[in-house]
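Below you'll find the structure, written out as structure tokens, and then a few comments.
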């Protein structure tokens, strides 16, 4: 063997001898151990991690679409991915709560609504949704408290004023219910006629507790005070058809003065008179 080849072989043997111990000691180095453990955890984590190429915006749009299609379990899984990516995002926490809520998993829904409200104490939507949980549990005083908390943060939400009105109505606090309904229709005259949507961040519970005829009468009164004769007549007819017994009070109630001469209102009241023997 030529001298230069001998020298090269010796250097290679020495390099390998130094490299092997270094590789084994690196595995025991704190930094290397942390990297190894982290990779193992990511592989074995039972929680779904989601596609790494999708942005949060894309995932949110996907989940919102699943909610619109009433694919609630799928939407919950997608929102959960978002929460894993951004655990301090109150909007994602709230939407995950709504997905569980639509599955009637009220405990899980309330948990994420409360996390959202703690993450962002000024996020009115989450407080409203906590209120809907208590409304469904027939704890109307607590529902009122959370609806009012939401409105203290943001007063211009007609759906929340509706919710508050429903809760007052369930407690038979009719004057307060009337005030809430009136504020709702001032903000959005068609608020009681919107179709329900599964997607979104605010839940509106329209399950009525109490006399339906009186409920429709209060809505008619709210629209009358706004001078909206068409909608007033619509809800007077509904109150009449539900058998509300105090329709005659309309003629003496100052709240109806602005619309009393309207032909549709007159027709609704005349229909009630025709029903009497």
Test residue 206 against the stated conditions and say whether it is without any contact (Cβ under 8 Å) to a residue 60 or more places away in the chain, surrounded by fewer than 16 Cβ atoms within 10 Å (Cβ to Cβ) and closer than 20 Å to residue 124 by Cα. yes
So, residue 152, is that one in contact with a helix residue (DSSP H, G or I) (Cβ under 9 Å, 6 or more places away or on another chain), surrounded by fewer than 16 Cβ atoms within 10 Å (Cβ to Cβ) and part of a helix (DSSP H, G or I) or not? yes
Could you check the stretch 101-112 and list, in sequence order, the residues that are closer than 15 Å to residue 137 by Cβ and either assigned to a helix (DSSP H, G or I) or in contact with a helix residue (DSSP H, G or I) (Cβ under 7 Å, 6 or more places away or on another chain) (or both)? 101, 106, 107, 108, 109, 110, 111
Could you list, in sequence order, all residues of the stretch 175-198 that are surrounded by 16 or more Cβ atoms within 10 Å (Cβ to Cβ) and within 18 Å of residue 213 (Cβ to Cβ)? 177, 178, 181, 192
With the requirement that a residue be under 17 Å from the mean Cα position of the chain (by Cα) and assigned to a loop (DSSP other than H, G, I, E, B), what does the stretch 69-86 give you? 69, 70, 71
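Read the figures in this text as sums done on the coordinates, not as results from a lab. Because the structure is predicted, anything quoted here is derived from the model rather than measured. In this analysis, Cβ positions are derived from the backbone assuming ideal geometry, glycine residues included, and neighbour counts consider all displayed protein chains.
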